[in-house]
1. Looking at (1) closer than 18 Å to Gly265 by Cα; (2) open to solvent by less than 20 Å² (accessible area, probe 1.4 Å); (3) within 13 Å of ligand 1 (Cβ to nearest atom), find the lone condition where Ala390 falls short.
2. Quick check on the range 166-175. Is at least one of its residues under 23 Å from Thr452 (Cβ atoms) and either surrounded by fewer than 19 Cβ atoms within 10 Å (Cβ to Cβ) or of a type in the set (D, E, K, R) (or both)?
3. Working only within the range 64-100, note down all residues that are without any contact (Cβ under 8 Å) to a residue 60 or more places away in the chain and not in a loop (DSSP other than H, G, I, E, B).
4. If you check Lys53 against the conditions, is it without any contact (Cβ under 8 Å) to a residue 40 or more places away in the chain, farther than 12 Å from Ile74 by Cβ and of a type outside the set (A, V, I, L, M)?
5. Inside the range 53-108, can you point out the residues that are aromatic (Phe, Trp, Tyr), away from ligand 3 (no atom under 16 Å from the Cβ), buried (at least 20 other Cβ atoms within 10 Å of the Cβ) and within 22 Å of the chain's Cα centre (by Cα)?
6. Looking only at the range 192-215, decide whether some residue is open to solvent by 30 Å² or more (accessible area, probe 1.4 Å), within 16 Å of ligand 1 (Cβ to nearest atom) and touching a helix residue (DSSP H, G or I) at 6+ places or on another chain (Cβ under 7 Å).
7. Return yes or no: is Val415 touching a strand residue (DSSP E or B) at 6+ places or on another chain (Cβ under 8 Å), away from ligand 3 (no atom under 16 Å from the Cβ), of a type in the set (Val, Ile, Thr) and closer than 30 Å to Leu228 by Cβ?
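The values are calculated or read from the model by the stated rules, or taken from the named source; none is laboratory data. All of these numbers come straight from a predicted model, not from anything done at the bench. So basically every Cβ, Gly included, is an ideal-geometry build from the backbone, and we count neighbours across all protein chains shown. Note: accessible area is taken over every heavy atom of the protein model, side chains too, but ligands, DNA and RNA are not part of it. Shrake-Rupley method; radii C 1.70, N 1.55, O 1.52, S 1.80 Å.
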Amino acid sequence: MNADLLTRESLSQFAAEQRAAFEAELKTLVEIPSISADPSKAGDVRRCAEAAKALFERHGGQAEILETEGNPFIHGWFGSDAGLPTITVYNHMDVQPANEPEWVADPFTFVVDGDTYKGRGSTDDKGPAVTAFFGALAAQRAGVPLNIHFLWELEEEIGSPNFESGLKTHAARFKTDAIVVSDTVWITRGKPSTPAGLRGLKGFRLTLETADHDLHSGVVGGAARNPLSELIELVSKMMDGDTGKVKIPGFYDEVVPPSEAELAGWRNSGFSVETFKSDHMIKGMRTEDPMKVLKRVWGRPTMEIHGVVGGYTGPGIKSAVPARAEVKVSCRLVPDMDEGKTMARIRKFVKKHNPDVELHEEHGLAPFKGHVTGPYAEAIKDAYQFAFGATCSFTREGGSIGAVKTMEDVLGCEVYFLGLSLPSHGYHAPNENYDWEQASGGIVAFAHYFQTVSAFKR
Ligand code: BES
Ligand code: MN
Ligand code: MN
């Protein structure tokens, strides 16, 4: 191992030299619309897997596309020496749809605007993936004695429905000492954080049909049932729309409140409501108290109404009584909530209050409780400090990554997080972006992380 190539200066210089290559590789990936939610993009998802494989091969690594019952995995690696420790980096290569009207440029054209990179998937999660990849190249160049493996998923944004079965099929090739995931956000620029937990997610739809077709509201209105108003009534019994409080009996029973030590970490994380609002361009909040905001986003479950379908939505008013309606809902879950118990309570509640309403469940993700102590957690903190000169805080993440708990369960090893995205990068938002400050620092952070963990006893 050549330690001279692993100083902060040398690694920063490596990142600077590789900038054009980094941008070219990220451009190739961002310009493939690998939207897992859109069946018509299956060909692009496949092309993305092939482009990712080619990326490894261009830079002296090896890669294989592994089939699952859904979209494939990409397994890329540098080294597979049984005498060396192994670290596996997880990212996802699929992206959210990008049909928001606010996009100012084509979402699948990679735009370099100074230090900013724009395009769907630039920060979630192709930019962090390519950053970790260049971090591995830096470690390789210096001869760090470590097998560095990559597992890139192509169904994360639809809840990883085939991840568990796929990972079980291919588990033998993913023997690893630890996993590091780069798919999370900092508090804000200059304030790194690494989650000690993720929320889970459970989506469901409520549907109601009360007639064969839409009816004249002057002829039948007053006597005929209205499915739209009944669903709105049901939803307002389920939750308080102003405060967000869920009124389903027992909904909060299994919630484990954050410990005092955890709360102290949150308090010192550098979080500010003002920055949160401006990073996300939020106009109104349910509370402006910073600790209440953090508890709500990281420590408490939610029920969110995502969509109401039904009735007339054209210009003006059409005075019909709709025949059918649908409400799209999901709940974020926190430790130790259980998807099955939660849905049983919701099902019972719906049946009691409107037995004609049908409840359709989506694939769910369990909440995840992470690790904040031990050498691998220290290595993460150390990597941020080394690369960015800033102390990272252990927080939680309000979002969900289906693969995380599955990797721990199936591979029997621990998952840690070395995220690089910023709130202002706009996960899932129009004009999603990433930037060179996070990428170049991230390359240094990953290289240093690989060096640190290469010395761990197995
Ligand atoms: N990278 C995010 C997860 C995330 C979100 C981490 C917010 C930190 C903060 C991931 O790509 C994601 O968007 N997950 C989805 C999963 C869902 C579509 C099944 C989520 O959380 O909604
Ligand atoms: Mn992501
Ligand atoms: Mn996402």
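1. Single failed check for Ala390: (3).
2. yes
3. Glu64, Ile65
4. No; evaluated as a whole, the condition is false for this residue.
5. Phe73
6. no
7. no
Listed here are the residues, each with its yes/no results for (1) closer than 30 Å to Glu362 by Cα; (2) out of contact with any strand residue (DSSP E or B) (no Cβ under 9 Å at 6 or more places or on another chain).
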{"site": "Gly143", "(1), (2)": "no, yes"}
{"site": "Leu151", "(1), (2)": "yes, no"}
{"site": "Glu155", "(1), (2)": "yes, no"}
{"site": "Glu164", "(1), (2)": "yes, yes"}
{"site": "Ile179", "(1), (2)": "yes, no"}
{"site": "Pro192", "(1), (2)": "no, no"}
